[in-house]
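To start, the structure under review is shown below, and the notes come after it.
A short reminder: the numbers here are calculations on the coordinates, not readings from a lab. Since the model is a prediction, treat every value here as computed from it, not as a measurement. FYI the Cβ positions are ideal-geometry reconstructions off the backbone, even for glycines, and counts take in every protein chain you see.
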């Protein structure tokens, strides 16, 4: 008997890929050329967020970011000089619509209560 992952909740990246990213972008980000290029950039940037590093902070990277957006500059999509590692926090500053907090999965059995601001 094989186990299946189709009952597993999606993380925010999987949800973004499935519902917000267009088919062409999904194909690009799964391509061997992108995966190779991405790996080169991660190694070059030593697995660190480059924006944080420029501010004197050491933070592990989460995403490889296109400095000039892939959709606007497709010719730079695989140019390592147009790519940098960023943490989610820094990446979300460039793309505020991606990675919203409300997309976080709520673990099973956890009840979330909203605070009532009217009560002192």
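Counting other beta carbons within 10 Å of each Cβ, put 90, 37 in order, fewest first. Working shown, then result.
Values: 90 23, 37 17.
Listing 90, 37 from fewest to most nearby Cβ atoms yields 37, 90.
Treat each spin label as a single point 7 Å out from the Cα along the C-beta direction, and report the residue 22 to residue 81 distance in nm.
2.7
Need the full-extension length gain, residue 39 to residue 67, defined as separation in residues times 0.36 nm minus the C-alpha distance. One decimal, nm. Intermediate values should be presented prior to the final figure.
Numbers: separation 28, 0.36 × 28 = 10.08 nm, distance 1.65 nm.
So the chain would gain 8.4 nm between residue 39 and residue 67.
Relative to the compact-globule scaling 2.2 N^0.38 Å, provide the ratio for the alpha-carbon radius of gyration of segment 12-98. Write out the running numbers ahead of the final one.
Numbers: Rg = 12.8 Å, N = 87, 2.2 N^0.38 = 12.0 Å.
Scaled against compact globular proteins, the figure is 1.06.
Distance in nm between label sites at residue 95 and residue 31, each 7 Å beyond Cα in the beta-carbon direction?
Distance between label points: 1.6 nm.
Pairs of Cα atoms under 8 Å, at least six residues apart: use those to get the relative contact order of segment 12-98, whole percent. Can you show the working numbers first?
Details: 92 pairs, mean separation 24.7, N = 87.
Once divided by the residue count of segment 12-98, the mean separation gives 28 percent.
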